[in-house]
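Reviewing the structure listed below.
Coordinate-derived values only; no laboratory data. This one's a predicted model, so the numbers in the text were calculated from it and none came from an experiment. Cβ placement follows ideal geometry from the backbone for every residue including glycine, while neighbour counts extend to all protein chains displayed.
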Amino acid sequence: MKIVVDAMGGDNAPGAIVEGCVDAVCELGINIVLVGDEPKIEKELSKYKYDESKISIVHTTEVITNNEHPAMAIRRKKDSSMVVGLNLIKDGKGDALISAGSTGALLTGATLITKRIKGVNRPAIAPVMPGKNGAFMVIDAGANVDVKPNNLLQFAIMGSAYFKGVFNIENPKVGLINNGAEAEKGNELTKAAHGILKDADINFIGNVEPREVPEGDVEVLVCDGFVGNTILKTYEGVAKVIFDLLKQEIMSTTRSKFAALLLKPVFRNLKKRFDYTEYGGAAFLGVDGVVIKAHGSSNAKAIKNAIKQAKTFAENNVINIIKENINEEELEI
């Protein structure tokens, strides 16, 4: 297994990226190709002890930043760490790519370079998030603001295939995010999508209201990119506010500080359950290759877990499962 990692993408590159790769090599025993500025990467690697045969470097001279137009950056910066990394997996020189760089550029590059899976109209961003009763996926979380009902069907198929392959859940539940549980609720898009999803060969359980999303009872939550991105950012913001307020209250009095010491294991476990670094990154589903978008502020732990996620993704042939299911559903349609 060989994982390609964009060493220059993200707020903490290349330091946290390299550290996460070293941790992954030591824990998972895989091979990693770091793509980026070789002198900077070598400087970071010199800080650690690891099996040097497991990590190689492909030198590049350019970096795509978040403030660049995605399509123009992909076309113009041919020697960027992201573009070179995508070409490596396209040419079969790596089994997966991970980048914490520009989301728009990575999605554009994955679509243009690795191409879409035949039959997939719109690739989607599919982050896995922590819920009260288990992890769940929101698909799409920002790639496609305007979609058609059939796009939502494909999102559901791809999300189901991912949960089967990566989380070993044989028949994941699929829900349509809507403003009411009844089939007739919502706009024209969700009403039409409900009918299509109901008749598809997936475990569709109906509409899911936003307040039910954090429960984690439904593994695959389908929506357009506008709704999904709003839910993702609201979820992150509310979680941060809750933990910040909790910290303020704990530090407000001597009594609360003492109580916090007794409850420290509880707080630690709670924080771990809602820690995004435990889940790695967001898969780009619908492109013909394993591409994982790590959070822009990823630390070493997040990068290591993104690598672990990509390894499972590739080993379980999720791409082929998506191809088979998309083709079968198209024949039925």
Residue span Leu262 to Lys148: 0.36 nm per residue of separation minus Cα-Cα distance leaves a gain in nm of 35.8 nm
For the stretch 213-284, list log₁₀ I(q)/I(0) at each q in 0.21 Å⁻¹, using the Debye formula over Cα point scatterers of equal strength and ignoring solvent, two decimals each.
-1.04
At 0.36 nm per residue, minus the direct Cα-Cα distance, what do Lys118 and Lys271 gain on full extension? Give it in nm, one decimal, please.
51.0 nm
Averaging sequence separations of C-alpha pairs under 8 Å and six or more residues apart, then dividing by the length of the chain, give the relative contact order as a whole percent.
23
Within the set Arg116, Arg255, Arg76, GNM on the chain using Cα springs under 10 Å gives the largest fluctuation to Arg255
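Could you tell me whether the stretch 23-178 comes out rounded, prolate or oblate from its Cα gyration tensor? Rule is a ≥ b ≥ c as square roots of the eigenvalues, rounded for a/c under 1.5, then prolate if a/b exceeds b/c, otherwise oblate.
Oblate, since a/c reaches 1.5 and b/c is not below a/b.
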Cα-only Rg/Rh for the stretch 27-97 with Kirkwood Rh rounds to 1.01
In a Gaussian network model over the chain where Cα atoms closer than 10 Å are linked, find which of Ser56, Ser46, Ser160 has the largest mean-square fluctuation.
Ser46
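If a/c stays under 1.5 just call it rounded; otherwise compare a/b with b/c (prolate if a/b is bigger, oblate if not). Do that for the stretch 175-333, with a ≥ b ≥ c from the square roots of the Cα gyration tensor eigenvalues.
Verdict is oblate for the stretch 175-333.
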GNM of the chain, Cα pairs under 10 angstrom: of Pro14, Pro265, Pro127, the biggest fluctuation goes to Pro265
With n ≥ 4 as the cut-off for DSSP H runs, can you work out [θ] at 222 nm for the chain, using -39500 (n - 2.57) per run divided by the number of residues, rounded to the nearest 500?
-14500 deg cm²/dmol
Which pairs in the list Lys78/Lys118; Lys54/Lys78; Lys43/Lys247; Lys132/Lys311; Lys54/Lys115; Lys185/Lys301 are over 30 Å apart, alpha-carbon to alpha-carbon?
Lys43/Lys247; Lys185/Lys301
Order these by the 10 Å Cβ neighbour count, fewest first: Asp6, Asp199.
Asp199, Asp6
Can you give me the Cα centroid spacing of the stretch 1-71 and the stretch 161-225 in angstrom?
37
If you place +1 on the Cβ of every Lys and Arg, -1 on the Cβ of every Asp and Glu, and leave all else neutral, what size is the dipole of the chain about its Cα centre, to the nearest 20 Debye?
960
By how many nm would the segment from Leu28 to Ala192 grow when fully extended, if each residue of separation counts as 0.36 nm and the alpha-carbon distance is taken off?
54.6 nm
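Please report the relative contact order for the stretch 1-88, taking Cα pairs under 8 Å with a sequence separation of at least 6, and give it as a percent rounded to a whole number.
32
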As a footprinting exposure proxy, order Val174, Val241, Val213 by other Cβ within 10 Å, with the fewest listed first.
Val241, Val213, Val174
